[in-house]
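Below: one structure, written as structure tokens.
The values are calculated or read from the model by the stated rules, or taken from the named source; none is laboratory data. Just so it is clear, the structure is predicted and the values come from calculations on it, not from any experiment. Don't worry about glycine lacking a Cβ; one is built from the backbone with ideal geometry, like all the others, and counts go over all protein chains shown. Side chains included, ligands, DNA and RNA excluded: accessible areas come from the protein's heavy atoms. Shrake-Rupley method; radii C 1.70, N 1.55, O 1.52, S 1.80 Å.
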Amino acid sequence: MKLPNSLLLVVVATCLACGAATQRLSADERASDPAYVEFFEEKVRPLLAVRCHECHGPDEQKGGLRLDSRAGVLAGGDTGAAIVPGEPDESLLVDAIRYGDTYQMPPKSRLPDEEVATLVEWIRLGAPWGHDVPAAGQGSGSADFDLQKRAQHWCFQPIQHVAPPEPRALDWIRTPVDRFILARLEAAGLRPALPADKRALVRRVTFDLIGLPPTPAEIAAFLADDDPAAYARLVDRLLASPRYGERWARHWLDLVRFAETYGHEFDFDIPNAYRYRDYVIRALNDDVPYDQFVLEHVAGDLLPHPRRNRDDGTNQSIIATGCFLFGEGLHSPVDVRQDEADRMDNQIDVLAKTFLGLTVSCARCHDHKFDAISTKDYYALAGYLQSSRYQQAYIDPPEQLADPLAALETLHAERQAALVADVGQAAAASLTQLSATLLADAETTGDAWQKYLNEAARNAADHPLHAWAVLANQPDADATESFSQRRDQLAAQWAAQFDESPSTPFVAFDGADFGEWTATGAAFGDRPARAGEA
């Protein structure tokens, strides 16, 4: 898409302005900025831990250099400071990872280009750093971890009844919330703004609730309505508009980093991403309670009675779990385990920030410096996410497919009966031909064939004719022993042989249901198939 020149100029000016704003921050200011600290915790600290700490960490400091604390990085080693915050091209560390003239680090092999770029960007930002993990012998993070911090954190405060304050200008107050607003204004020596006129009011509330301007007809109708309840009716009409969910869903979609592609190099499409977007819009328009909304996001695939779309009966609850799959997806990661860990970290970060208001991802590398979250908590949560998997969910209403499935069941039963009859006839014909052939061979070879069956085939369980030899009505067989008894003995023999096998099945579907496994849709039925079932 080609941008018009005027819009292109605006985009360029905006980018330049953002760059200028970044430059106005000093290196020290950028080093303490929360956004840059988060970049360090997510990208840089894990990289340093994996690539550098073996030789420049708490256990060993080759060349006197230690890279597990900001003070150690700034102090440097035997040859001076490792970095110059804000100046990557003047930093010895950057020269080393670029395999410059002085050092080549890591010595065994060069870092991938993207990791070099990450460290260069970190230094350019002023080398931001999060919480320093205590070194060995100085007390672990767990020993110093204080769960009492929970008592001071706003997120863990219990809901309390707060009496509204008593401001002076009581004639301005219309709702209890106004008391809080007015009290703060008065404390700051300010007075409320004058009430908006009806034209401004209809424009403001329409923009706020549906994100669109009111039409001229809507403005005229509101201006002509002198009923005191006119404003309430206006608000109700806007809340009932489908545009309401579309306008406010955008904010929620930002929280769960909604996108329709995976990003990265080839930017693959995310299958059915639009279904999650539409789910959020419908949930807002249908006034789904927030606790139900959260439950569907966290465990919508496990609900025994999922919420269904009132129009088409589709399973809405399971669609909500798609929020975990909107992170960036690499098409061919160099380190598959690292990629898996990064994806789970992204899921934990979104889950915690969206539903808890906490930055749990900081605990990936250390006990949280501010929130009462330990590394143990982080990896316990990561374990749940690692045990889950991606799937395209079955959302169709069961009742919609009831009649077609019943017809298929009837057709299957008819085909099964016909198949058994046809196979039986074919098997009988084949056995008759086989018996005739074997008997003809027996007349030709005489006792040699009988001896072969009695010794070779009858005594070797893995012989292809073993079952035939055992089940045949041989002269030396016990006359009181029926065919069915010999068959059952043979089956027990084989069962015992298989039971003694050293192999261990991953799962045995021999019960009345699927146990702890989940079958999606009707394709697998309501129980495992039995031997002989088609």
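Tabulated data
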quantity	calculated
Chymotrypsin sites (Phe, Trp or Tyr not before Pro) lying in DSSP loop within the range 369-404, provided at most 10 other Cβ fall within 10 Å	Y390
Accessible surface ranking that places the most exposed of H56, H305 first, with a 1.4 angstrom probe	H305, H56
Compactness index (Cα Rg / 2.2 N^0.38 Å), the range 372-428	2.36
Accessible-area ranking of E260, E340, largest first, probe 1.4 Å	E260, E340
Mean separation of Cα contacts under 8 Å (6+ apart) over length of the range 163-214, as relative contact order %	22
Probe 1.4 Å, protein heavy atoms only - accessible area per residue of the range 214-317 in square angstrom	60
Size of electric dipole in the range 140-295: Cβ of Lys, Arg +1 and of Asp, Glu -1, about Cα centre, debye, nearest 20	400
Solvent-accessible area, 1.4 Å probe, carbon plus sulfur percent, for the range 153-278	59
Relative contact order (%) - criterion: Cα under 8 Å, at least six apart; region: the range 298-414	21
Straight-distance crosslink candidates among aspartates and glutamates, where the alpha carbon sits under 13 Å from K108 and sequence neighbours closer than 8 are dropped	E54
Rounded accessible area per residue of the range 328-418, 1.4 Å, Å²	62
Two-site label geometry, L194 and A413: point separation in nm, points 7 Å out along Cα→Cβ	8.2
Unit charges at the beta carbon, dipole of the range 245-336: most positive-side option, H251, L284, Y274	L284
Whole-number accessible area per residue in Å² for the range 46-100, which is evaluated in the context of all protein chains at 1.4 Å	49
